[in-house]
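Each remark here refers to the structure printed beneath this line.
The values are calculated or read from the model by the stated rules, or taken from the named source; none is laboratory data. Keep in mind it's a predicted model, so treat the numbers as computed, not measured. Cβ placement follows ideal geometry from the backbone for every residue including glycine, while neighbour counts extend to all protein chains displayed. Accessible surface areas use protein heavy atoms only, side chains included; no ligands, DNA or RNA. Shrake-Rupley method; radii C 1.70, N 1.55, O 1.52, S 1.80 Å.
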Amino acid sequence: MKILIINGPNLNLLGKREPGTYGSQNFESYFDQLQEKFPEVELEYYQSNIEGEIIDRLQAAEEAFDGIVLNAAAYTHTSVGIGDAVKAIATPVVEVHISNVTAREEFRHNSFIAPYAKGIIIGFGLRGYELAIKSF
Ligand code: DQA
């Protein structure tokens, strides 16, 4: 099985960005742990701070992957384009958020991706990515 993890804006700063909310581990070291935990799964990781690049990656992933784990970060709440891309591709997408977005500011309650996602995992910290991989 091939699974692509896509992280959106500012998630390249995990580990030093708001550690009280997002924890103190950077994603690269967590990704190493994921690869050890799921040796049978071919995992790939992509991060971009640019909306159009995330859309390009989603489109290119169709057919090449069995599933996509997407944390579009702030674009979750603003991007019709990323929502449309998730809708457009046949590959199932699981939406992940490290924090419990529903317990935070009102603007984080809306997701343009959720209606087209296979499922949503929020509030379990980095462990959410692991739960998402297990869901495929
Ligand atoms: C986030 C939640 C978003 O609201 C925020 O903009 C992020 C991270 C999360 O993983 O909890 O950057 O997607």
message: Under 10 Å, Cα contacts only: if you run a Gaussian network model on the chain, which one of Lys118, Lys16, Lys87 comes out with the highest mean-square fluctuation?
response: Lys16
- prompt: For the chain, modelled as a GNM with alpha-carbon contacts under 10 angstrom, which of Ile121, Ile68, Ile89 fluctuates the most?
  reply: Ile89
field: Under 5 Å, built H, 5+ apart or other chain: amide partners of Lys118
entry: Val93, Val94, Glu95
field: Integer Hz, Karplus 6.51/-1.76/1.60 couplings in order for region 28-34, x for Gly and Pro
entry: 4, 6, 5, 4, 4, 5, 4
message: Can you compute the modelled spin-label distance between Ser24 and Asp84, with each label point 7 Å from Cα toward Cβ, in nm?
response: 4.4
message: For region 104-134 and region 1-57, what is the centre-to-centre distance using only Cα atoms, to the nearest Å?
response: 14
- request: Please count, across the chain, the pairs of lysine residues with Cα atoms under 14 Å apart that sit 8 or more places apart or on different chains.
  value: 4
query: Highest GNM mean-square fluctuation, the chain, Cα pairs closer than 10 Å: which of Arg104, Arg57, Arg17?
result: Arg104
message: Heavy atoms of the protein only, probe of 1.4 Å, neighbouring chains included. What is the accessible area of Asp32 in Å², nearest 10?
response: 80
- request: Let me know the charge dipole size of the chain about its Cα centre in debye, to the nearest 20, where only the beta-carbon of Lys, Arg (+1) and Asp, Glu (-1) is charged.
  value: 420
- request: List the residues whose amide H sits under 5 Å from the amide H of Gly67, counting only those 5 or more places along or on another chain, with H placed 1.01 Å from N in the peptide plane.
  value: Lys2, Leu4
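Obtain the radius of gyration and the Kirkwood radius of the chain from its C-alpha atoms and give Rg over Rh.
My calculation of the ratio gives 0.93.
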task: Using only Cα positions of region 14-67, each an equal point scatterer, no hydration layer, compute I(q)/I(0) via Debye at q = 0.27, 0.28 Å⁻¹ and quote the log10 values to two decimals.
output: -1.04, -1.04
With at most 13 neighbouring Cβ atoms within 10 Å, loop GluC sites (Glu not before Pro) (DSSP) excluded, longest segment of the chain: 64-104
- prompt: Roughly to the nearest percent, how much of the accessible area of region 2-134 is carbon and sulfur, given a 1.4 Å probe?
  reply: 49
